[in-house]
Amino acid sequence: MYSVRLWTVRHARFFERVYNMFEPVLVKLHPIWSKLGYDRAEKPMSKIEQACKGLLFDCKMCGQCALSSTGMSCSMNCPKNLRNGPCGGVRLNGNCEVYAEKRCVWVEAWDGSRKMKNGDRIFAVQKPVNFSQQGSSSWLRVVRQIAQREEQAEERS
Amino acid sequence: MIFPDEPNPGEMLPILPGHTTGGRLERVLRAGHFAVTSELAPPDSANPEDVYARARVFDGYVDGMNATDGSGANCHMSSVGMCALLTRIGYAPVMQVSCRDKNRIAIQGDVLGGAAMGVTNILCLSGDGVQSGDHPEAKPVFDLDSMSLLETIRTMRDKSEFLSGRKITDPPKVFLGAAANPFAPPYDFRPHRMAKKIAAGAQFIQTQYCFDIPRFKEFMARSRDLGLLEKVFVLPGVGPMASARTATWIRNNVPGIHIPDAVIKRLAGAQDQKKEGQQICIDLIQELREIEGVSGVHVMAYRQEESVAEIIDRSGVLEGRVPWYPGRDQELQKERA
């Protein structure tokens, strides 16, 4: 919802903290995900993720969540799907060029990022979206990557 | 100015050490000259003469012409098509590529095709939303954005690879450009966004219409603080406004163009508003060239293209230099004789 989306960006610092606590918990549960099978966990997990992030961020389930790098403003809500910053058409009042009555997603993102501890991630260039991952759980993907990295590090030592 | 290694029309200049292309625009910029580019409005026709006639009005005054890619989300002749015609007789176009209408497969194909035809400059744009054009019911593609587009073409050029990692045997030698709009919010982010574009591969920047000099100076100062000005050539956008009414209409209806009240007042108070619009443009060019980090200007004179030659001439920025155009060298020889 649009009003909720604006509210979460205003509290970007809080949601950054929430996610930073939430992520390690998911990683700790890695044995469960592997036992269950990541592919089997995918369906329920993506449903849960969609419900939470859909409500809070108007998440579009691109499957490659970049909220931590975009001031907690989901850039897939930009009518041009821009992943790297605002276009040149932003109106003087900070509204979108396409939807004149709505705030520019990236004006919001910049404000949100200034509130966050690691807000400078907004300066990193984002890779193009992998459309084959659309609809899948970004959380599981991140957890899987972190867990695998940790396992590899353990094996090496 | 004639390069000693000036080729035949349609052939590229040799690539000098430290240069990425054999293009004239890069040559002029790296030689430290004040470069002039202009916008070439594509015709709504399939007649090549329409393109050549539009290009000819800039002869002798510009170092590159931007072949726009469905600007304003309106349908016109494609930028690839225009570039095919222009390169055929030796012009140096800046091929604009917008992410609105094509996905990564089509875009990378166009980059190879363009470079094969002799395109040496590519401007990477996100593109206007389809809602603002004449086909609002079209499907917006936006597979890439301007940033990932820059990175994609840089990878093609420098690593000889497609985005997929597949090898390219002869990479496209192109000078990469990007757009910037210092005059739209969020102002504090704008220099950082330019930094991102440079990190993604931008070598030159063309900006949106610049009427607000103080705002532009601020942008350039922040960019200098970020160490960007030695990494990129900045060409601010300028253009003549036909009247106070046109300027007001543009300000109210074209997103991203900021025209201060003072400019509109100056236009409204003039006897000949069209002449005054051109004078304002000349004044702006002369002010802009004094700003640190400005390497040239990009003239957008929509529906006033014929005035560009006079504006550039009167601004004096070419300092006697005559940019290449078909038949220039023969004409210069004739003059000398």
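The values are calculated or read from the model by the stated rules, or taken from the named source; none is laboratory data. In this text the structure is predicted, and so the values were computed from the model without any measurement. As a convention, Cβ positions derive from the backbone with ideal geometry for all residues, glycine included, and neighbour counts pool all protein chains shown. Heads up: the accessible areas ignore ligands, DNA and RNA and are worked out on the full protein's heavy atoms, side chains in. Shrake-Rupley method; radii C 1.70, N 1.55, O 1.52, S 1.80 Å.
Summing charges over all other residues whose Cβ lies under 14 Å from the Cβ of A:Arg149, with Lys and Arg as +1 and Asp and Glu as -1, gives -2.
Exceedance of the 24 Å cut-off in Cα-Cα distance is limited, within the set B:Lys102/B:Lys173; A:Lys127/B:Lys173; A:Lys117/B:Lys159; A:Lys53/A:Lys115; B:Lys139/B:Lys197; A:Lys60/B:Lys159, to A:Lys117/B:Lys159; B:Lys139/B:Lys197; A:Lys60/B:Lys159. Residues of the stretch B:244-259 that bury at least 50 Å² of accessible area once all protein chains are present, compared with their chain alone (1.4 Å probe, heavy atoms only, ligands and nucleic acids left out), are B:Pro255. Buried between A and B is an accessible area of approximately 2500 Å², summed over both sides with a 1.4 Å probe.
So in chain B, what percent of DSSP beta bridges are antiparallel if you round to the nearest 5?
Given both bridge residues lie in chain B, the antiparallel proportion sits at roughly 5 percent.
If you run the Gaussian network model on chain B, springs between alpha carbon atoms under 10 Å, then out of B:Gly133, B:Gly177, B:Gly296 the most flexible one is B:Gly133. From the alpha carbon centroid of the stretch A:54-77 to that of the stretch B:154-171 is 31 Å.
As a length-normalised measure over Cα pairs under 8 Å and 6 or more apart, the relative contact order of the stretch B:24-336 settles at 19 percent. Note on A:Glu155 and A:Lys28: with the Förster distance fixed at 22 Å, the Cβ-Cβ geometry gives a FRET efficiency of about 0.70. For the protein assembly as shown, the solvent-accessible area of protein heavy atoms averages 45 Å² per residue (probe radius 1.4 Å; ligands and nucleic acids excluded). For chain A, hydrophobic long helices are taken as DSSP H runs at least 30 Å long by C-alpha position along their axis with mean Kyte-Doolittle hydropathy of 1.0 or more; none is present. Leaving out ligands, DNA and RNA, and with a 1.4 Å probe, what % of the accessible surface on the protein assembly as shown is carbon or sulfur? Taking all protein chains in place, the protein assembly as shown shows 53 percent carbon and sulfur surface.
Mean per-residue shielding of peptide A:103-115 is 2, counting Cβ atoms of other chains within 10 Å of each Cβ. Can you grab the distance from the C-alpha centre of the stretch A:82-151 to the C-alpha centre of the stretch B:50-88, Å, no decimals? One Cα centre to the other: 35 Å. Which residue fluctuates the most in chain B, going by a Gaussian network model with Cα springs under 10 Å, if the choices are B:Ala116, B:Ala262, B:Ala179? Result for chain B, Cα springs under 10 Å: B:Ala262 fluctuates most. Net charge of the neighbourhood of B:Lys102, taken over other residues with C-beta under 10 Å away and scored Lys/Arg +1, Asp/Glu -1, is -2.
Charged side chains reduced to their Cβ positions (Lys and Arg at +1, Asp and Glu at -1) give chain A a dipole of some 200 debye around its Cα centre.
Here's the list of lysines a cross-link from B:Lys275 could span, going by alpha-carbon distance under 17 Å and ignoring same-chain residues fewer than 8 apart: B:Lys265.
Computed over chain B with a Gaussian network model linking Cα atoms closer than 10 Å, the most mobile of B:Val94, B:Val36, B:Val130 is B:Val130.
Maximal additional length on extending the B:Ile250-B:Glu230 stretch stands at 3.9 nm, based on 0.36 nm per residue less the C-alpha distance. Between the listed residues B:Ala84, B:Ser148, B:Asn66, the Cα displaced farthest toward the positive end of the dipole of the stretch B:50-157, a dipole computed from Cβ unit charges relative to the Cα centre, is found at B:Ala84.
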